[in-house]
1. Scanning the range 158-171 for residues that are of a type outside the set (A, V, I, L, M, F, W, C) and assigned to a loop (DSSP other than H, G, I, E, B), which turns out nearest to PHE101 (Cα to Cα)?
2. Just to be sure, is GLU119 charged (D, E, K, R), closer than 24 Å to ASP164 by Cβ and assigned to a helix (DSSP H, G or I)?
3. Given (1) of a type in the set (A, V, I, L, M, F, W, C); (2) touching a Pro at 6+ places or on another chain (Cβ under 9 Å); (3) more than 22 Å from SER15 (Cα to Cα), where does LEU485 come up short, assuming only one miss?
4. Applying the selection to the range 21-66, what residues are out of contact with any helix residue (DSSP H, G or I) (no Cβ under 6 Å at 6 or more places or on another chain) and among the small types (Gly, Ala, Ser)?
5. Any idea which of ALA264, ALA268, ALA260 is at pLDDT below 95 and closer than 24 Å to MET393 by Cα?
6. In the range 300-317, how many residues are open to solvent by less than 20 Å² (accessible area, probe 1.4 Å) and in contact (Cβ under 8 Å) with a residue 40 or more places away in the chain?
7. Collect the residues in the range 225-247 that are under 25 Å from PRO160 (Cβ atoms), of a type in the set (A, V, I, L, M, F, W, C) and not in a helix (DSSP H, G or I), keeping them in residue-number order.
8. What residue, among those in the range 63-85 that are open to solvent by 10 Å² or more (accessible area, probe 1.4 Å) and assigned to a helix (DSSP H, G or I), is farthest from PRO436 (Cα to Cα)?
Amino acid sequence: MAERLRYRRVSTFKSAADLRDHCAALGVRLPCDDEVLAAPGSPLAQPIDAGSGLRIGNRFAIQPMEGWDGTGDGRPTDLVRQRWRNFGISGAKLIWGGEAFAVCPEGRANPNQLICSPETAGGIAGLHGLLRSAHRERFGSDEGLVSGLQLTHSGRFCRPFRKDRAEPVIAYRHPILDRRFGIGAGHEPIADEELHRLIELYVSGARVAREAGFDFVDVKHCHGYLAHELLSGFTRPGEFGGSFENRTRFLRGIVEGIRADQGAGAIAIGVRLSAFDWVPFRPDPAGEEGGRPGPGIPEPFEDHLPYRYGFGTDSGNPAAWDLGETFRFLDLLRDLGIRLVNLSCGSPYYNPHIQRPALFPPSDGYQPPEDPLVGVARQLAMVREVKARHPDMVIVGSGYSYLQEFVPHAAQALVRAGEVDLVGLGRMVLAYPDLPADVLEGRPLARKRICRTFSDCTTAPRNGMISGCFPLDPLYKALPEAAELKRIKASADAD
């Protein structure tokens, strides 16, 4: 376990001041209030106007997560419904999708991902109704509750019909990712005509979302999936590649199509964006210890400079960001009348330590190459820069779950200072769905329910199982998959 434990655990910090001092010693800035206020005086309890008639009742958001527990034809199951009920009782007033919905069966990242289509519309409407009814039951009203549905196509990471068979849809040839994921020389990038067809499917999905009662749709542009990869399609020929105008044509086509289809009163639109990307990382073979992978190091990129395979990436040093085009993309969103933006970075498939800081990696990952608090601080710094440049945008931040006990301390400090508008929680609410309610109602956090970033919610689906919090959620602890997951992890430790 030595490699895993060389960084201090967050749970050992005795106070916010202790955490701040540690981060200062690391050379990073991590604002953290000493005292957390309850509603109504808390900065986290204040409403915010998100445009398009949307008024969000507080500053907590539930992030969209990719489920592995729908039916084979993309409809919700009881496990999905239980998760959405938990989102409703969380106390967060912005539910950003809660789930990643593929716009077509072949666009799924796994065979049990939910699909947004006319055929699945009844199940989607049922999820929306359950979400709002659970919120009303817990809080007496759903005033200020804003819900969105995330629309996606998994692109390079499609695995739509069998858990053991990838069927990638690539935007362009990537010299590192193609090699890593076994994409051969004959595999052609998706054709322009097919991208036009997908635009229509996004438009149809937005119609389903509006009829189901959702307040907005998220046109997902993050984590290496298709729309995000198109943003970095510098080497792609044709009308969807090369220039900034061409690389954003997919987004503009979807937005224009939704508004033309729905007319006056069209559903609002948000975008979740990987604001920067880095070169893919891999385990350092020299750092392997006890059969466990070594810490992450960048894939060799010297032969690929200037690096033309990342959005928001420094072309001369692809393990650093360049936010120039990120700012330009936000300008485009503003020109399109989109104010609601959810910022993330990188991809869980090829550089997870920057996207989802954790002390314990998933089974196919690598040991953290830096104190995960550095990764958290990096995302906070990026959001701060974007918010300062675009004060009129309503910005949701990501990467907070690793802060554990100190999520509310950091969230309050950042919102109070205007460095972010809403604090997004993903894996944390799988373990502890009502953390926002406990914070706003002035209760101490339930330490035994706090996500410790064991990454079981990622390791399980990487091994073909459903995703959930197996260490902490009693529902998942009792499932047969929990025992199988323990066996897989024990086997990895024994190797």
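1. PRO160
2. no
3. Against the list (1) of a type in the set (A, V, I, L, M, F, W, C); (2) touching a Pro at 6+ places or on another chain (Cβ under 9 Å); (3) more than 22 Å from SER15 (Cα to Cα), LEU485 comes up short only on (2).
4. Answer for the range 21-66, where residues must be out of contact with any helix residue (DSSP H, G or I) (no Cβ under 6 Å at 6 or more places or on another chain) and among the small types (Gly, Ala, Ser): ALA24, ALA25, GLY27, ALA38, GLY41, SER42, ALA50, GLY51, SER52, GLY53, GLY57, ALA61.
5. Only one candidate passes the filter, namely ALA264.
6. Looking only at that region, the number is 3.
7. PHE240
8. Looking at residues that are open to solvent by 10 Å² or more (accessible area, probe 1.4 Å) and assigned to a helix (DSSP H, G or I), I get ASP78.
The values are calculated or read from the model by the stated rules, or taken from the named source; none is laboratory data. Quantities reported herein were computed from a predicted structural model and do not represent experimental measurements. FYI the Cβ positions are ideal-geometry reconstructions off the backbone, even for glycines, and counts take in every protein chain you see. Accessible surface is based on the protein model in full, side chains and every heavy atom, while ligands, DNA and RNA are left aside. Shrake-Rupley method; radii C 1.70, N 1.55, O 1.52, S 1.80 Å.
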